[in-house]
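Engineer: Below is the structure I would like to discuss, written out as structure tokens.
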Amino acid sequence: MTSPTVGFTIDRESLEVAPASTAKMSVCGLAGPFATHAPYDDATFTAAFPLDTPVLINSTDAKARMIAPDGQIGRALSLINAQFADGQTAALVVLVRTATGVDDAATIAAIAGNSTTGTGIWAFKRAGAVCGVYPRLIAVPGWTRQTSLDGEGALLANPIAAALPALLASIYAFAYVWTGGVDAATSKAYRETIASGRIQPIDTGVVTTLSDGTTVANDDPTPIALGLHVRRDFEKDGRPFSSILNQPIYGIVGPSRHVDFSLLDGATEGQDLLAHQVSVIIRGESGDDFAIADGGFVFMGFENCDPEATWSQTHKVRGRDFIELTAIRTVRQYLGRFNLTTQTCKTIVDTVDDILAAAEAKGEILGRRVRFDPDLNNTSDLRSGLIWVEAKFEEAPVFRKLGLVSRPYAIALAKTIETLAAQAI
């Protein structure tokens, strides 16, 4: 429309603080070989789940029912579903079906895939474009426990666990791996092969029930951890700032092995594994004052394998991912639409601050400071359209230990004497 000679020109502009476009952090990702479930034929199944392709399903929908329920992925979906909170009915899951090799090594190689060709777990990188979401909680049930020794007898990393850190960092995801549940020594040796703040190993396997009533004596527990995160996020309006430490586990017959645990004794096997950033599943003990619970089965774990203690608590990593991803999703609408003026800079700073203010109001972070940093910004960057915003915030740590100082209180005796003396009068 041509501008009028006499009249008005109206230009609507929305250079205001934008409402937060929150990231989805509770989407699970499972990778590995899996088969069809009768009555679905192979052609229909293959069309629904092509090899090395991310496929989004609802964990209780028709596509989920196409998967053999007693297979590794089928059991994983059941374990995720078993952890749901009241009112929660399903989880979003991105599945990547991989080829079954001639042996375990070939199957593991197919799952580890290739970053260049986008096969195996690397197919998750295409999930954003293909599925509309990225999985942010990843497990490879049944295939992370296999390890080998080098010529000198030192433990070699599982190939999938070795490939995961780069993938996880690229899509802001977190993964759980299983050490095999053999014993504490094996789990600690396994943990020594990992140095990633996006991976948390679990020691204890679980006993699960198949559809014919038989049991799997030592099943992979990693889907349980994913389900617990889905539950905790659901309870907190999709915000991933809560730990799954000391969360009850459902849907299992029991742990595959007993792990000794005491709330007071750090020398017990469970406490020792926790000290090495290895999670465990503990059985509740009614009548035991030093047990973690009176009954049921409890997930005990809160730390990943990051070499830096600052980022060792898993919920902190997921919470910071949420803040950063939300900032990306929210601020991107300003790119290219406005010139870099003082008002634009202030609006962007205020937008980021609003994201952190909401987290602080909910008790997810302890404090914040957001500002246009004069030390980081310079005339050359501003001229090119680049600004730096400093966002400082501290995630609330999980409450994991109480130091109780128990002392006598002589003043109480003196007050007792005073009371008795007054009554005697």
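Engineer: Take the Cα of Ala154, step 7 Å along the line toward its Cβ, and report every residue of the stretch 271-312 whose backbone nitrogen sits under 13 Å from that point.
Structural biologist: none
Engineer: Within a 10 angstrom radius of the beta carbon, how do Val349, Val230 rank from fewest other beta carbons to most?
Structural biologist: Numbers: Val349 19, Val230 29.
The fewest-first ordering by Cβ neighbours comes to Val349, Val230.
Engineer: If the cut-off is a Cα-Cα distance under 26 Å, which lysines reach Lys188, setting aside same-chain residues fewer than 8 apart in sequence?
Structural biologist: Counting by Cα, and skipping residues close in sequence, Lys188 has these lysines nearby: Lys316, Lys401.
Engineer: Using only Cα atoms, locate the centre of the stretch 401-423 and the centre of the stretch 301-367, then give the distance between them in Å, rounded to an integer.
Structural biologist: With the stretch 401-423 and the stretch 301-367 each reduced to a Cα centre, they are spaced 49 Å.
Engineer: Further question on the same structure: Figure the gain on full extension for Leu402 and Glu324 (residue separation times 0.36 nm, minus the Cα-Cα span) and round it to one decimal in nm.
Structural biologist: On the way: separation 78, 0.36 × 78 = 28.08 nm, distance 3.17 nm.
My answer for the length gained is 24.9 nm.
Engineer: Right, something else. Given the C-alpha centroids of the stretch 67-87 and the stretch 134-171, what is the distance between them in whole angstrom?
Structural biologist: What the calculation gives is 22 Å, centre to centre.
Engineer: Run the reach check for Lys63 against lysines, Cα to Cα strictly under 22 Å, same-chain hits fewer than 8 apart removed. What comes back?
Structural biologist: Lys24, Lys125
Engineer: Counting Lys and Arg as +1 and Asp and Glu as -1, what is the net charge of the other residues whose Cβ lies under 10 Å from the Cβ of His37? Show your work: numbers first, answer last.
Structural biologist: On the way: positive: Arg65; negative: Asp70.
Taking every Cβ under 10 Å from that of His37, the sum is 0.
Engineer: For Ala309 and Ser14, calculate 0.36 nm times their separation in residues minus their Cα-Cα distance, and state this gained length in nm to one decimal.
Structural biologist: 102.0 nm
Engineer: Where in the chain are the DSSP H helices whose C-alpha atoms run 18 Å or more along the long axis and whose mean Kyte hydropathy is at least -1.0? Please report the intermediate quantities before stating the final value.
Structural biologist: On the way: long enough: 159-171 (19 Å, 1.95); 222-235 (20 Å, -0.07); 314-331 (26 Å, -0.24); 342-361 (28 Å, 0.33); 410-424 (21 Å, 1.01).
Qualifying helices: 159-171, 222-235, 314-331, 342-361, 410-424.
Engineer: Restricting attention to the stretch 331-425, which trypsin sites (Lys or Arg not before Pro) occupy a DSSP loop and are surrounded by at most 16 other Cβ atoms within 10 Å?
Structural biologist: Arg337, Lys362, Arg400, Lys401
Engineer: Follow-up. Counting DSSP beta bridges in the stretch 28-316, what percent are antiparallel, to the nearest 5? Numbers along the way, then the final one.
Structural biologist: Details: 21 of 38 bridges.
Close to 55 percent.
Engineer: In addition: State the label only: which of [x] 93, 90, 49; [y] 122, 75, 40; [z] 103, 90, 45 corresponds to Cα extents along the principal axes in Å computed from the shown model?
Structural biologist: Looking at Cα extents along the principal axes in Å for this model, the match is [x].
We did not get these values from a lab; they are worked out from the coordinates using the rules stated. The model shown is predicted, which means the values in this text are computed figures rather than measured ones. Because the Cβ atoms are built from the backbone with ideal geometry, glycine has one as well, and the counts that use them run over all protein chains shown.
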